[in-house]
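Notes follow once the structure below has been shown.
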């Protein structure tokens with residue numbers, strides 16, 4: 001033993017240092033492991049326990065149904081139906097491009113979609129909201145929905161949500177005024193009006209659906225379910241029912257709307273029916289129309305192209321509010337007012353209509369070559385004398401500042417938006433010297449303004465562009481004593497049981513100072529045009545049971561057949577309703593537009609009317 005101790009080599013300082021270092025490192029590593037375990041099990045135990053529980057519990061979003069839209073009598077115009085949407089949850093998607101490609105390939109086969117399109121769409125949505133589910137397809141059939149739920153292990157991160165989809169039971173009837181809904185997009189998510197709306201939700205995109213979206217949109221609910229380690233359903237845990245949106249009641253009368261759509265079907269045309277005192281719209285339609293049910297789910301690009309194609313009539317284009325047509329003789333209401341109020345004529349002033357007017361070598365003739373002889377205003381409106389109004393256009397171009405005709409046109413509501421609560425409205429155009437001269441300086445037209453432009457404007461020809469809604473506002477202004485109304489559709493918001501939550505007040509009206517005698521003279525002329533022998537629309541309205549006033553319009557359009565117009569007011573002499581119709585390439589106003597107005601007016605007054613054929617036009621200027 002003594003010898004052993006004597007022969008054992010002593011520990012060198014270098015070896016002792018190494019042992020100390022290794023021991024220290026081992027102690028540090030042990031400490032790291034110990035404290036990490038302590039952190040995970042003690043400090044973070046509750047959090048990981050919660051996450052583990054969350055892996056067993058899933059919330060399936062249930063979109064709230066939008067509020068119904070009903071007409072003034074309570075008839076349902078827009079409703080809802082249930083459906084299912086396939087979504088992907090970002091934090092549960094497989095990692096790696098190959099795994100995701102395999103997932104999207106399989107999902108594409110099940111859904112009948114291009115896998116590349118699925119990947120691009122999902123990526124685009126996740127860039128906007130990285131932690132929210134991205135919608136792959138709306139309204140999947142029942143078998144597809146069941147297959148995905150039964151094979152969750154094959155489709156990691158893929159879920160199915162219950163959604164409420166819009167239903168338009170009357171299809172093409174009222175499509176333009178109801179509008180469409182669509183999935184909220186990235187720019188919309190940043191807007192204040194969509195604060196709190198989740199990605200993938202559907203919001204109003206046009207028409208009433210857009211204008212009253214905040215009332216119609218409800219609050220989403222959720223179904224909480226328990227799943228196993230593979231993600232398969234095990235039990236229903238809890239349900240938070242969605243809160244449906246409020247019901248919206250419109251001023252529209254479905255019977256009027258349906259009759260109007262039938263009257264313009266098969267044409268490129270439009271109609272407006274409105275209360276002249278309040279601006280309540282009882283019907284507003286455009287043809288060709290479309291079925292808004294195609295927008296209740298993700299619309300195909302091919303459908304969108306078809307509905308926007310001009311060769312197909314551009315069904316999405318609302319000719320009632322977005323068009324800008326020359327009005328023909330319906331514009332004579334404006335010219336008569338401007339001349340009377342400007343002191344150029346009185347209701348009894350007689351002008352001679354010899355069939356033509358020569359201005360600086362340019363000859364302006366009556367349509368159809370008519371010669372009407374000596375006329376005062378009332379008879380000039382009855383027979384729709386162009387020469388009478390050509391003279392007024394000539395004098396208005398020279399009188400005062402030369403803008404009297406344009407100023408009155410703007411005052412009556414032409415050349416700017418009416419403010420109707422559907423959005424997307426076009427401004428129209430009332431041409432003026434400044435407008436044409438500005439185009440000429442920019443080399444966008446071949447000549448500056450001339451007196452001939454004002455002469456043409458006086459009879460609704462030339463560059464003037466007006467929508468049927470704007471013309472309806474102008475005629476309503478004459479009918480109600482000079483108040484420019486703001487057309488509107490929304491009447492009130494109701495709960496699901498029809499109890500009133502909020503009533504919308506009629507928008508304020510703008511007052512025009514029109515002499516009552518002048519107003520009555522114009523209204524008398526319109527009455528004579530409709531119900532006195534020789535009147536331009538007498539063949540259509542001679543036997544109409546309600547006293548009637550109205551004006552035909554036949555406007556020339558380059559490269560096309562004539563534009564057909566009619567603006568009607570009833571009952572005369574204190575009108576309640578105005579109805580305006582227009583038909584592209586419809587020919588004479590008395591031939592096409594006037595019979596359509598008669599059909600709509602009949603429904604407004606509850607008349608079972610079988611009239612409305614044009615009858616004989618002998619002795620009548622059909623161009624008026």
Task: Scope the stretch 180-203; condition in contact (Cβ under 8 Å) with a residue 60 or more places away in the chain, under 15 Å from the mean Cα position of the chain (by Cα) and outside any loop (DSSP other than H, G, I, E, B); matching residues - done: 181, 182
Task: Residue match in the stretch 478-496 (condition: touching a strand residue (DSSP E or B) at 6+ places or on another chain (Cβ under 8 Å), surrounded by fewer than 21 Cβ atoms within 10 Å (Cβ to Cβ) and modelled with pLDDT under 95) - done: yes
Open item on the list: Just to be sure before I move on: is residue 540 closer than 21 Å to residue 474 by Cα and at pLDDT 95 or above in the structure I sent?
Closed with: no
Task: Looking only at the stretch 548-568, and only at residues there that are over 16 Å from residue 327 (Cβ atoms) and touching a helix residue (DSSP H, G or I) at 6+ places or on another chain (Cβ under 7 Å), the one that is surrounded by the fewest Cβ atoms within 10 Å (Cβ to Cβ) - done: 548
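Yes or no, residue by residue, for (1) within 24 Å of the chain's Cα centre (by Cα); (2) in a loop (DSSP other than H, G, I, E, B); (3) surrounded by fewer than 24 Cβ atoms within 10 Å (Cβ to Cβ); (4) touching a residue at least 12 places away in the same chain (Cβ under 8 Å):
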position: 444; (1), (2), (3), (4): no, yes, yes, no
position: 463; (1), (2), (3), (4): no, yes, yes, yes
position: 469; (1), (2), (3), (4): yes, no, no, yes
position: 472; (1), (2), (3), (4): yes, no, no, yes
position: 476; (1), (2), (3), (4): yes, no, no, yes
Task: residue 415 being more than 23 Å from the chain's Cα centre (by Cα) and farther than 30 Å from residue 216 by Cβ - done: no
Task: Checklist (1) under 29 Å from residue 585 (Cα atoms); (2) part of a helix (DSSP H, G or I) applied to residue 323, failing item - done: (2)
Task: Hits in the stretch 64-98 (condition: in contact with a helix residue (DSSP H, G or I) (Cβ under 7 Å, 6 or more places away or on another chain) and either free of Cβ contacts under 8 Å to residues at least 24 places away in the same chain or in a helix (DSSP H, G or I) (or both)) - done: 90
Open item on the list: For the condition farther than 24 Å from residue 405 by Cβ, under 30 Å from the mean Cα position of the chain (by Cα), assigned by TED's automatic domain parsing to the domain that holds residue 583 and touching a residue at least 12 places away in the same chain (Cβ under 8 Å), what is the one hit in 508, 539?
Closed with: 508
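Residues are listed down the side, and each one gets a yes or a no for (1) over 22 Å from residue 465 (Cβ atoms); (2) touching a residue at least 60 places away in the same chain (Cβ under 8 Å); (3) within 42 Å of the chain's Cα centre (by Cα):
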site: 335; (1), (2), (3): no, yes, yes
site: 350; (1), (2), (3): yes, no, no
site: 355; (1), (2), (3): yes, no, no
site: 368; (1), (2), (3): yes, yes, yes
site: 375; (1), (2), (3): yes, no, no
site: 387; (1), (2), (3): yes, no, yes
site: 392; (1), (2), (3): no, yes, yes
site: 398; (1), (2), (3): yes, no, yes
site: 406; (1), (2), (3): no, no, yes
- [ ] Give the residues of the stretch 352-372 that are touching a strand residue (DSSP E or B) at 6+ places or on another chain (Cβ under 6 Å) and either surrounded by fewer than 22 Cβ atoms within 10 Å (Cβ to Cβ) or not in a loop (DSSP other than H, G, I, E, B) (or both), sorted by residue number.
- [x] 352, 353, 356, 357, 363, 364, 365
TODO: From (1) free of Cβ contacts under 8 Å to residues at least 60 places away in the same chain; (2) farther than 30 Å from residue 349 by Cβ; (3) assigned to a loop (DSSP other than H, G, I, E, B), pick out the condition that doesn't hold for residue 438.
DONE: (3)
- [ ] Among residues belonging to the stretch 152-162 that are assigned to a helix (DSSP H, G or I) and modelled with pLDDT under 80, point out the one that is surrounded by the fewest Cβ atoms within 10 Å (Cβ to Cβ).
- [x] 153
- [ ] Please work out if residue 425 is under 26 Å from the mean Cα position of the chain (by Cα), assigned to a strand (DSSP E or B) and either touching a residue at least 60 places away in the same chain (Cβ under 8 Å) or crowded, with 17+ Cβ neighbours inside 10 Å (or both).
- [x] no
Open item on the list: Test of understanding: among 177, 165, which residue is at pLDDT 85 or above, within 26 Å of the chain's Cα centre (by Cα) and assigned to a helix (DSSP H, G or I)?
Closed with: 177
- [ ] Go through (1) crowded, with 16+ Cβ neighbours inside 10 Å; (2) under 27 Å from residue 219 (Cβ atoms); (3) modelled with pLDDT of 80 or more one by one and return the number of the condition residue 104 breaks.
- [x] (2)
Task: Residue under evaluation residue 574, criteria (1) assigned to a loop (DSSP other than H, G, I, E, B); (2) at pLDDT 95 or above; (3) touching a helix residue (DSSP H, G or I) at 6+ places or on another chain (Cβ under 7 Å), criterion not met - done: (3)
Task: In the stretch 304-313, residue modelled with the highest pLDDT [restricted to those that are within 17 Å of the chain's Cα centre (by Cα) and surrounded by fewer than 16 Cβ atoms within 10 Å (Cβ to Cβ)] - done: 308
TODO: Pull up the stretch 334-347, narrow it to residues that are in contact with a helix residue (DSSP H, G or I) (Cβ under 8 Å, 6 or more places away or on another chain) and assigned to a loop (DSSP other than H, G, I, E, B), then point me to the one that is nearest to residue 588 (Cα to Cα).
DONE: 347
- [ ] Being part of a loop (DSSP other than H, G, I, E, B) and surrounded by 15 or more Cβ atoms within 10 Å (Cβ to Cβ) is the filter here, so list the residues in the stretch 508-533 that pass it.
- [x] 509, 512, 514, 532
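The values are calculated or read from the model by the stated rules, or taken from the named source; none is laboratory data. Note that the coordinates shown come from a computational prediction; the quantities given were computed from them, not determined experimentally. Cβ: placed from backbone, ideal geometry, glycine included. Neighbour counts: every protein chain shown.
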